[in-house]
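What follows is a short report on a single structure.
The values are calculated or read from the model by the stated rules, or taken from the named source; none is laboratory data. Everything numeric here is computed off the predicted structure, so don't read it as measured data. Ideal geometry is used to build each Cβ from the backbone, glycine not excepted, and the neighbour counts take in all protein chains shown. In case anyone asks, the SASA skips ligands and DNA or RNA and just uses the protein heavy atoms, side chains included. Shrake-Rupley method; radii C 1.70, N 1.55, O 1.52, S 1.80 Å.
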Amino acid sequence: MNIRQLEIFIIVAQTENISQAAKHLFISQPAVSQTIQQLEQEIGLRLFDRPGRALELNPAGKQFLQKAQHFLREYQELERFAEYLNVKAPIKVGVNLTVANLWLAPMIKDFQATGQTLTVQADTAEAIVTALKAQELDLALLEGKISDPALICEKFKRYELVIVVAATYPLAAKKQLTVAEFLNEPLLLRDAGSAIRQALDRYLGVAQMQVRPLVTSINSQSLLELTAEKIGITFLPRALVEHPRNAGRFKLLRFEEKIYNDVQLVYQAAHELTPALKKFKKIVLQG
């Protein structure tokens, strides 16, 4: 028994006429008759009485019709719901805090302009990866190195990390700092789990050096505010510090080598992308 058989049975049951049912279904009369016969054979039950050349739904057929109509309504509702999930349902996107601060807004606007909707969870990269692998998110936008064979990572941006001091800080006249000079200052740094901090730790690790921060925070803007008050110096994305709201407040320095972080679109390797997710992915990668 299949959906098409039930659809044909319902029309025949409603018309009690093979010829009318065939016209309604745009198929031949023999095809309708054969379908009804196959259905009755499969379920082992006569659904119609056939007095002479007439066709009448019998008591068993009437009960079967009610069930078939109910089943077909449920099936059609399920089809509509599947289409909603595939095309119209909000996608769930995770972003870490740096991405949320610097690049998220135009992506949301471009995606909403297509008529699609989304929900966004902004958190630490570690929390976003955990939610992504638990299938609580459809995809994520994350910075830094992600080495998990269960995840696909597609780079779409690269940003420079810089040493940041207040415009009137004693070191503001410099262009570069040595590792020793950097470590000699009060350090206002991102949390150890952040991609920004990990990039710094990797760079210092080559020199076999470690930081001892005065302040550790998950909030980059709060570190900038402390830096502006000359509490110490920080290490953050150039693009964040160069935002118009920070104009004239800071001086940007660097180490002898420039340090960069990649920003990536991340999703589960086993996760098939819906049309909506493919549309969002295209916006991200082309932006």
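Things to note:
- Checked against (1) open to solvent by 20 Å² or more (accessible area, probe 1.4 Å); (2) under 25 Å from the mean Cα position of the chain (by Cα), ALA192 meets all criteria but (2).
- Residue in the range 60-77 that is part of a loop (DSSP other than H, G, I, E, B) and either open to solvent by 20 Å² or more (accessible area, probe 1.4 Å) or in contact (Cβ under 8 Å) with a residue 12 or more places away in the chain (or both) present: no
- Any hit, the range 38-48, residues being without any contact (Cβ under 8 Å) to a residue 24 or more places away in the chain, surrounded by 11 or more Cβ atoms within 10 Å (Cβ to Cβ), assigned to a helix (DSSP H, G or I) and of a type in the set (Val, Ile, Thr): no
- Within the range 273-287, restricting attention to residues that are in contact with a strand residue (DSSP E or B) (Cβ under 8 Å, 6 or more places away or on another chain) and at pLDDT 90 or above, the residue that is most open to solvent (accessible area, probe 1.4 Å) is LEU285.
- Here ARG190 meets each of (1) touching a helix residue (DSSP H, G or I) at 6+ places or on another chain (Cβ under 8 Å); (2) basic (Lys, Arg); (3) farther than 30 Å from TYR267 by Cα with one exception, condition (3).
- Search result, residues across the range 252-272 that are within 15 Å of the chain's Cα centre (by Cα) and either open to solvent by 30 Å² or more (accessible area, probe 1.4 Å) or without any contact (Cβ under 8 Å) to a residue 40 or more places away in the chain (or both): GLN268, ALA269, ALA270, HIS271, GLU272
- Residue, nearest to the chain's Cα centre (by Cα), within the range 49-59, restricted to residues that are free of Cβ contacts under 8 Å to residues at least 40 places away in the same chain and surrounded by 10 or more Cβ atoms within 10 Å (Cβ to Cβ): ASN58
- Residue in the range 109-127 that is assigned to a loop (DSSP other than H, G, I, E, B), open to solvent by less than 10 Å² (accessible area, probe 1.4 Å) and either at negative phi or touching a residue at least 12 places away in the same chain (Cβ under 8 Å) (or both) present: no
- Residue match in the range 118-130 (condition: of a type outside the set (A, V, I, L, M, F, W, C), in contact with a Phe, Trp or Tyr (Cβ under 9 Å, 6 or more places away or on another chain) and closer than 17 Å to LEU273 by Cα): no
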